[in-house]
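The values are calculated or read from the model by the stated rules, or taken from the named source; none is laboratory data. Predicted model, so just to flag it, every value in this text is computed and none were measured. Note: ideal-geometry Cβ built from the backbone for every residue, glycine included; neighbour counts use all protein chains shown.
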C-alpha cells in the first residue's frame, strides 16, 4: 500500500524481459490486435474473456465448459477449431451477448498471463484513456505505487507508442489522441512485413479494416481488468 507522499513509479518494458519486473499494477499492451479485439468483444456483449498462453489450454477450457467460444491466432494464422480469429472484424458475425470467450494469441495473452501483480489490465489504444482514469483511482486509494506497462509486440512499434501515451496520461500529461492514432495506422507496413506468409487481397483488406479499429483511440469507456485464476487471466470490463 502506497503512502500518500510516495511518488508513482511508471516503467515501460518489453515482453522479452525475463523475468518481467514486479509491480503493483501491470498493463499488458497489444494494440494490433489482441486487446483491441478483446475490447470489441466486450462492446458486442461478451461477459468475460479468459486469456491463456497455449492453444491446448484454450481447447481444454472449452471442453470443460469454462468458456463458450474461442478466438485468437498463432503467428497471425487462423487456429483450426477456433470460432474467431484475432480480429474485431471477425467477431461481427457472432452473437456474443452473454458469451464467455477464451483467447489465445502469440503476443498479447502471453504478456498478460506472464505478469505477476495485484492489479492486471489488458490494454489497447481504444481503452487507453479509461486505463489512465482507473489507475488514477487506484493511486488515490493508495493501492498502487508502481505501474509496469508491458509492450507485448516485439517486432512492431504501436505498442510502444501506446505505452508512452499511457505513461504520459498516468503521470499527468495530456497527449492528444490523434498522434497515437497516426502511429497505430502507420504500423500497417510493419505488420505486413512481419507476417509469415503472403495473404490474399481480401485478407489484407480485412487486416487494414481491423487496424482502423485499433486506431480508434479512446473509443471504449471501460478497462479490461484481469483476475489470475488456475484457468488463465479472466478479463471483465470495468467502466470508468
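Just for the range 104-120: of the residues that are touching a helix residue (DSSP H, G or I) at 6+ places or on another chain (Cβ under 6 Å) and outside any loop (DSSP other than H, G, I, E, B), which one is nearest to residue 19 (Cα to Cα)?
108
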Problem - Matching entry among 58, 117, 46 (being at pLDDT 95 or above and more than 30 Å from residue 141 (Cα to Cα)) - result: 58
Exercise for the section: Please name all residue pairs, on different chains or six or more residues apart, with Cβ atoms under 8 Å, provided the first residue is in the range 37-65 and is in contact (Cβ under 8 Å) with a residue 40 or more places away in the chain and on the phi > 0 side of the Ramachandran plot and the second residue is crowded, with 24+ Cβ neighbours inside 10 Å and part of a helix (DSSP H, G or I). Expected result: none
Fill in the blank from the handout: By my count, helices (runs of 4 or more DSSP H) wholly in the range 3-97 with at least 3 residues that are touching a strand residue (DSSP E or B) at 6+ places or on another chain (Cβ under 8 Å) are 34-43, 55-63
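Look at residue 220 and say whether it is under 18 Å from residue 37 (Cα atoms), modelled with pLDDT under 95, surrounded by 18 or more Cβ atoms within 10 Å (Cβ to Cβ) and in contact with a helix residue (DSSP H, G or I) (Cβ under 9 Å, 6 or more places away or on another chain).
So residue 220 fails the test.
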Completion exercise
Among helices (runs of 4 or more DSSP H) completely within the range 125-209, the ones holding 2 or more residues that are in contact with a helix residue (DSSP H, G or I) (Cβ under 6 Å, 6 or more places away or on another chain), modelled with pLDDT of 95 or more and crowded, with 16+ Cβ neighbours inside 10 Å are 128-140, 158-170, 177-186
Problem - Unmet criterion (only one of (1) over 18 Å from the mean Cα position of the chain (by Cα); (2) crowded, with 21+ Cβ neighbours inside 10 Å; (3) more than 17 Å from residue 226 (Cβ to Cβ)) for residue 67 - result: (3)
